[in-house]
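For reference, the structure discussed in these notes is given below.
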Amino acid sequence: MTLHAPILDWYAEHNRDLPWRRQEATPWGILVSEIMLQQTPVVRVLPIWEEWLARWPTPESLAKEAPGEAVRHWGRLGYPRRALNLHACAKAITADFDGTVPATYDELRTLPGIGDYTAAAVASFAYGGRHVVLDTNVRRVLARAVRGEEFPPTATTAPERKLAESLIPAVDAPRWAVAVMELGALICTARAPRCADCPVAGRCQWLLTGKPAHDGPPRRGQTYAGTDRQCRGALLAVLRDSPGPVPKAALDAAWSNAEQRERALDGLLTDGLAELLDDDFYGLPT
DNA sequence: TAACCGTGGAC
DNA sequence: TGTCCAAGGTT
């Protein structure tokens, strides 16, 4: 009934050669990758990660920069507060950890923007720690293979955590974690799983019971067009694409709905993603 | 707890 | 074409 050997064997043959998985990857590079990968596909992260590590190869090098530079080079990766978080991580690592990315889960959790998953991932992948690494891929694989359900619960539950904990092998826990994640990313996908290519198809409870459809509450999909988020993105793009501060009129031209525009701008200022400078000019945080 | 926080590709 | 979703975190 064990899933380990088939999944580990499958991973050995089919894993992607991602730069943050290579031997020469540093803990800092791995931390940067994990934050960039939050809710963001690998293919979009790759070029930004390469540029980022070339520009800021250490926490100290990023800590010297204005936070706005981190936001600028974040480009269009999305959720730009992650760029601020990464900059704040760099400053905290430099000030409190002597420039070295901390190795323990608890220390990592003290850093901004690092929650349960990211702390476990960095402690595992950068330092070889033994942790429950529970991301959306792992949750989906376990939901299907073990629980026989198409999708995991909306929020992570104690039984899920307990199950994942029980499956961590005695040796090389990080390899197991990355292998299950990779299986979820490449084979056991959300939309159209490639069960024909799955190494545990013969022991997947969901497949063996006829792939029953998800019967829980509908998975809420949020529209994006016309939302405050889209408006914030449009305003921030103006700031990001300008080498210096821009007049308020430049922001006004980027979004027609004035009420929404002002609300979004206030949000950006509150979040520290933008600053009001002299003469009604706005810019990235300095 | 559920809403909020960007963006673009796949279907 | 619009919907779904991608290595989550914070409030």
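Overview of results
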quantity: Qualifying residues in region A:121-171 (those that are within 16 Å of DNA strand B (Cβ to nearest atom) and aliphatic (A, V, I, L, M)) - the one least open to solvent (accessible area, probe 1.4 Å); calculated: A:134
quantity: Residue A:173 touching a Ser or Thr at 6+ places or on another chain (Cβ under 7 Å), closer than 24 Å to residue A:39 by Cα and free of Cβ contacts under 8 Å to residues at least 60 places away in the same chain; calculated: yes
quantity: Residue selected from region A:228-286 under the condition aromatic (Phe, Trp, Tyr) and over 25 Å from residue A:63 (Cα atoms), by the criterion most open to solvent (accessible area, probe 1.4 Å); calculated: A:281
quantity: Close pairs from region A:27-40: first open to solvent by 10 Å² or more (accessible area, probe 1.4 Å), partner polar (S, T, N, Q) and within 8 Å of DNA strand C (Cβ to nearest atom), Cβ under 8 Å, at least 6 apart; calculated: A:34/A:118; A:38/A:118
quantity: Boolean, residue A:175 is open to solvent by 30 Å² or more (accessible area, probe 1.4 Å), within 16 Å of DNA strand B (Cβ to nearest atom) and of a type in the set (D, E, K, R); calculated: no
quantity: Selection within region A:100-119 - within 8 Å of DNA strand C (Cβ to nearest atom) and touching a Gly at 6+ places or on another chain (Cβ under 9 Å); calculated: A:109
quantity: Single condition residue A:184 does not satisfy, out of (1) over 30 Å from residue A:274 (Cβ atoms); (2) not in a helix (DSSP H, G or I); calculated: (2)
quantity: Residue pairs meeting the criteria (Cβ under 9 Å; at least 6 apart or on separate chains; first under 10 Å from residue A:145 (Cα atoms), in region A:194-216; second aromatic (Phe, Trp, Tyr)); calculated: A:200/A:10
quantity: Conditions (1) under 30 Å from residue A:67 (Cβ atoms); (2) within 10 Å of DNA strand C (Cβ to nearest atom): number failed by residue A:155; calculated: (1)
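The values are calculated or read from the model by the stated rules, or taken from the named source; none is laboratory data. Please read all numbers here as calculations on a predicted model, not as lab measurements. Because the Cβ atoms are built from the backbone with ideal geometry, glycine has one as well, and the counts that use them run over all protein chains shown. Surface accessibility is based on the protein's heavy atoms, side chains included, excluding ligands, DNA and RNA. Shrake-Rupley method; radii C 1.70, N 1.55, O 1.52, S 1.80 Å.
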